[in-house]
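Below is one structure, written out as structure tokens; comments come after it.
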Amino acid sequence: MADGMHARHERTRAEILGAARWVLLERGIGGLAMREVARRAGYSPATLYNHFADKDALVAAVAMECVGTLGRYLGAVPPGPAVPRLHALGLAYAAFAEENPAEYAVIFDCLSNPPLPWEHYVKVAHPFAIIVATCEQGLKEGSLVDAAGIGASGMAYGMWCLVDG
């Protein structure tokens, strides 16, 4: 694809995602209709299918954008000793949920099993991987103790659950 065509393709995709995001945030997954997304984006419904195989693929793409926002919140926490960093990560996660309640809902209502290739699952896991890495750091520092024998991933999952509720 020539650079101009590629740029136009990406711009169209971004416009569709933007429209879908607003419909999803306003109406929830049950209220998302491809025709409404097409209308808001200013394209024909057929154009949507040139970019997304179906409604599930479109919803998954919107949810991935929301995961990226969560990842930016957690990624903004500066490095440092594990325990204070874990505390700051928890606060960043809570700030994301408070400041972006609709995006938070999209992630956890729409992203249970997205029909995506493996590379996308790695992107979904990125915010969680930050917490796992910090738990691994704490185990190495000796500031965290794995008394239950669940490893850094198990510890991170428990901490995620505590913050998430």
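Within region 1-30, the set of residues being outside any helix (DSSP H, G or I) and either open to solvent by less than 50 Å² (accessible area, probe 1.4 Å) or within 15 Å of residue 64 (Cβ to Cβ) (or both) comprises just one member, 28. Scanning region 1-34 for residues that are farther than 26 Å from residue 108 by Cβ and among the basic types (Lys, Arg) turns up 8, 11. When 53, 94, 46 are checked against the criterion of being out of contact with any Leu (no Cβ under 8 Å at 6 or more places or on another chain), open to solvent by 40 Å² or more (accessible area, probe 1.4 Å), touching a residue at least 40 places away in the same chain (Cβ under 8 Å) and of a type in the set (A, V, I, L, M), 94 stands alone in meeting it.
Go through region 56-72 and report how many residues are open to solvent by 40 Å² or more (accessible area, probe 1.4 Å) and either more than 30 Å from residue 91 (Cα to Cα) or of a type in the set (A, V, I, L, M) (or both). Within region 56-72, residues that are open to solvent by 40 Å² or more (accessible area, probe 1.4 Å) and either more than 30 Å from residue 91 (Cα to Cα) or of a type in the set (A, V, I, L, M) (or both) number 1. Of everything listed in (1) of a type outside the set (Gly, Ala, Ser); (2) under 26 Å from residue 133 (Cα atoms); (3) not in a helix (DSSP H, G or I), the single unmet condition for residue 43 is (2).
The values are calculated or read from the model by the stated rules, or taken from the named source; none is laboratory data. These figures come from a predicted structure and were not determined experimentally. Here the Cβ is made from the backbone with ideal geometry for all residues, glycine too, and neighbour counts use every protein chain on show. Areas reflect the complete protein model, heavy atoms only, side chains present, ligands, DNA and RNA absent. Shrake-Rupley method; radii C 1.70, N 1.55, O 1.52, S 1.80 Å.
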